[in-house]
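**Q** My questions all concern the structure below.
A short reminder: the numbers here are calculations on the coordinates, not readings from a lab. Note that the structure is a prediction, hence the values are computed from the model and not measured. All Cβ positions, even for glycine, are placed from backbone atoms using ideal geometry, and neighbour counts span all protein chains on display.
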Amino acid sequence: MSFLHLTPDEWQSLWLTLKLATYTSGILLVIGMPLAWWLAFSRCRCVSLVSAVVALPLVLPPAVLGFYLLITLGPYGWVGETLEAWGFHHLAFSFEGILIGSILYSLPFAVQPLRDAFASMPQTPIQAAASMGASPLDRFFTVILPLARSGILSAVVIAFAHTLGEFGVVIMLGGSIPGETKVVSIAIYDYTQELNYEAAHRLSAILLITSFLILALFYAINRRLMAPMKP
Amino acid sequence: MTTLAFNLTVSLPDFELQTGEVALPLEGITAIFGPSGCGKSTLMKALAGLVPAQGSVALGETVWQSGRQSLPVHRRGIGMVFQDGGLLPHLSVEGNLDYAINRSGGTQADKAHWVEALGLSPLLSQWPHTLSGGQKQRVALARALLAKPKVLMLDEPMSALDWQTKNQLLPLIKKVVKEARIPTLLITHSPDEVERLADWVLLMERGRVQKVSTLQAALSEPDSPLFDHQGAVSVLEGAVSQVEPTHGLLPVQVGDQSMWVLAEEILSDEIDTVSATIRLRVLAKEVTLALSPPQGLSVLNVLQGEVEAMTPLSEHKVRIRIQLPDGQGLFAEVTALSCEQLGLHKGMPIYALIKSVGVMP
């Protein structure tokens, strides 16, 4: 297990990556659910436009997203400038900045499974629950969430795993500041640039194995989770 | 008796429901009957508050909807059974029953009672997807009753079932609804279900409410929409007056007259036969008319009555409505020639020979 002998810097990168992935998937769950619900059931004509915007990160090079975020969130962008005017720091080259980047970058990966889960949900159990006296909030927690649990799990896991492997947006928007924006993928890139293949190998292997384990666990849980509801 | 009064309009892209003023006497089972696509389900969902509608709904003194004010579904006190049952797929059968109890303030004793009445004990730990269609509906019915509703709404609960399962479920529905004393709306497009279960009938056609009447009144129209390809049908109510069969037959009192029915048709349906009221179904084409009490025939059932109305069906066929002494009505279909030879006219005493009787417990 020689690849587990990590330097403090490498541990820091790993920790930062996990933190970024956890925050990203958590926040995506909170904003993704209402957005996915709206996309699934709204009769507004703007649904296709919003869907296209949400799906953009699927097709855009991450560098494009990172570039626009850099000029928006940076000191001369309108968001960065506004923040500076209020006495805050702009968001380029900061953890908050790459968190926003990650959220946008993984948005379609979280919204798609949630939207599918909501859209394919049978309506009669929800109506039956209402007839039995369950209020809308009660129905949300006792019927809608349990019925959407597979979609929720997919959204969280895929957003998490996707963020682990994020590179383009971070390098455009965050650079490589240890403890702030230097996530594992950036560290691997830096090592490779320095021709330190052994170190790059170590981190790459960790990322590969972690991602695999997360996905394997996800598929195993998902099968068990859905077993009692299989038609 | 409570009344469900409503006047609702539902506008969908390709369909419009317009009920007009309706006052539905909620007594026993009211069938909402009409052909597929006439808006029965939409009406029930609008009454329940599950689809947005304009207009007003009131159950007795309680206003459910008035203009823009609408009482949300979960406060209306409705027990619903859907075509597919509508069970919560992520809960076991028992979990489904508890879901209702926890929100209605029901007790474990209530649960035990309906579990027993609907034969659910072996199913309690099962998941909805492992249940057959009939089992799902029994669970859904128990769950709806445990919600302690003011009105039960059954949306074509038997349309997805095979005829054997349906035959088992029908008397069960009748029994528990009677026992629970909860007024019930039953959506159906099957005349058979109406004849077996309904006390009242709301007739619908193309998004409009045509008529609200008792089952007997609905069946006394010569061109009732309840008549299908088998022609006119009469439903006679009678009481089983004897428990022990004679030659495999049981007498059923229809007014002062007796009819004989096959005991196995009654007993096979797990129903308490002592003085139970049962419904007998008689097809008009199975009825032959005679001017005097017939003799030397194999027909067992002969009812005496008088001609109430005669409606020509075609050039050569006439539908005769006979009134029995107890006020019930019976249809017969005869040829115009027989009609002329017998010299039938309104008010004339007549004997109806009934070749076959269907028992509808």
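**Q** Positive end of the dipole of chain A, charges at C-beta (+1 Lys, Arg; -1 Asp, Glu), about the Cα centre: which of A:Leu49, A:His89, A:Val64 has its Cα farthest in that direction?
**A** A:Leu49
**Q** Fewest to most neighbouring Cβ within 10 Å: what's the order for B:Val299, A:Val59, B:Val209? Could you put the intermediate results ahead of the total?
**A** Details: B:Val299 14, A:Val59 9, B:Val209 24.
Exposure proxy ranking, most exposed first: A:Val59, B:Val299, B:Val209.
**Q** At a threshold of 8 angstrom on Cα-Cα distance, excluding pairs fewer than six apart, so keeping six or more, what relative contact order does the range A:2-226 reach in percent?
**A** Worked out over the range A:2-226, it gives 31 percent.
**Q** Considering every residue in B:144-156, what mean count of other chain Cβ atoms within 10 Å of its Cβ is obtained?
**A** 1
**Q** Taking Cα centroids, how far is the range B:278-357 from the range B:160-239 in Å?
**A** Computed from Cα coordinates, the inter-centre distance equals 23 Å.
**Q** Next question, about the same structure. Would you be so kind as to identify which of B:Ser56, B:Gln257, B:Val318 lies farthest towards the positive end of the dipole of chain B, taking Lys and Arg as +1 and Asp and Glu as -1 on Cβ and the Cα centre as origin?
**A** Ranked along the dipole, the leading option is B:Ser56.
**Q** Along the charge dipole of the range A:2-226, pointing to its positive end and built from +1/-1 on Cβ of Lys, Arg, Asp and Glu, which listed residue (A:Leu225, A:Gln12, A:Thr22) has its Cα farthest out?
**A** A:Leu225
**Q** Given the rule -39500 (n - 2.57) for each run of at least 4 DSSP H residues, summed and divided by the residues of the protein assembly as shown, what is its mean residue ellipticity at 222 nm, to the nearest 500 deg cm²/dmol?
**A** Calculated mean residue ellipticity at 222 nm is -13500 deg cm²/dmol.
**Q** Just add up the charged neighbours of B:Gly49: K/R +1, D/E -1, any other residue whose Cβ is under 11 Å from the Cβ of B:Gly49.
**A** +3
**Q** Still on this structure, please answer the following. Which whole-number percent is the relative contact order of the range A:51-130 (Cα, under 8 Å, 6+ apart)?
**A** Once normalised by length, the contact order is 28 percent.
**Q** Decide, for the protein assembly as shown, between rounded, prolate and oblate: order the square roots of the alpha carbon gyration tensor eigenvalues as a ≥ b ≥ c, take rounded if a/c falls under 1.5, and otherwise choose prolate if a/b is larger than b/c, else oblate.
**A** In terms of gyration-tensor shape, prolate.
**Q** Taking the range B:55-106, which trypsin sites (Lys or Arg not before Pro) meet the DSSP loop condition and have no more than 14 other C-beta atoms within 10 Å? It would help to have the intermediate numbers written out before the result.
**A** Details: sites: B:Arg68, B:Arg75, B:Arg76, B:Arg103; in loops: B:Arg68, B:Arg76.
Counting only loop positions with at most 14 other Cβ atoms within 10 Å, the trypsin sites (Lys or Arg not before Pro) in the range B:55-106 are B:Arg68.
**Q** Give the separation of the Cα centroids, the range A:114-149 to the range B:133-154, in Å.
**A** 18 Å
**Q** With +1 on the Cβ of every Lys and Arg and -1 on the Cβ of every Asp and Glu, and nothing else charged, how large is the dipole of chain A about its Cα centre, in debye rounded to the nearest 20?
**A** Dipole size: approximately 1180 debye.
**Q** Quick one: order B:Lys40, B:Lys285, B:Lys178 by neighbouring beta-carbon count within 10 Å, fewest to most.
**A** B:Lys178, B:Lys285, B:Lys40
**Q** Using the Cα centre as the reference, give the magnitude of the dipole from point charges on the C-beta atoms of the range B:221-361 (Lys, Arg: +1; Asp, Glu: -1; all else neutral), rounded to the nearest 20 debye.
**A** 440 debye
**Q** How tilted is helix A:95-119 with respect to the longest principal axis of chain A? Cα atoms for both, answer in degrees (0 to 90, nearest 10).
**A** 30 degrees
**Q** Taking the number of other C-beta atoms within 10 Å as the exposure measure, put B:Lys175, B:Lys346, B:Lys136 in order starting with the fewest.
**A** In increasing order of surrounding Cβ atoms, one gets B:Lys346, B:Lys175, B:Lys136.
**Q** Taking the Cα centre as origin and putting +1 on Lys and Arg beta-carbons and -1 on Asp and Glu beta-carbons, what dipole magnitude results for the protein assembly as shown, to the nearest 20 debye?
**A** The calculated dipole for the protein assembly as shown is roughly 480 debye.
**Q** With a 10 Å radius around each residue's Cβ, average the other Cβ atoms per peptide and rank B:27-34, B:246-253, highest first.
**A** In decreasing order of mean packing, B:27-34, B:246-253 become B:27-34, B:246-253.
**Q** Per-residue Cβ counts within 10 Å, from other chains only, averaged over A:132-142: what number is that? Each step should come with its number before you reach the end.
**A** Values: counts 20, 15, 7, 5, 3, 0, 4, 2, 0, 0, 6.
Averaged over the peptide's residues, the number is 6.
**Q** May I ask what percent, to the nearest 5, of DSSP beta bridges between residues of chain B are antiparallel?
**A** 80 percent
**Q** Continuing with the same structure: So how tilted is helix A:8-41 from the main axis of chain A? Cα-based, degrees 0 to 90, rounded to 10.
**A** Roughly 30 degrees, rounded to the nearest 10.
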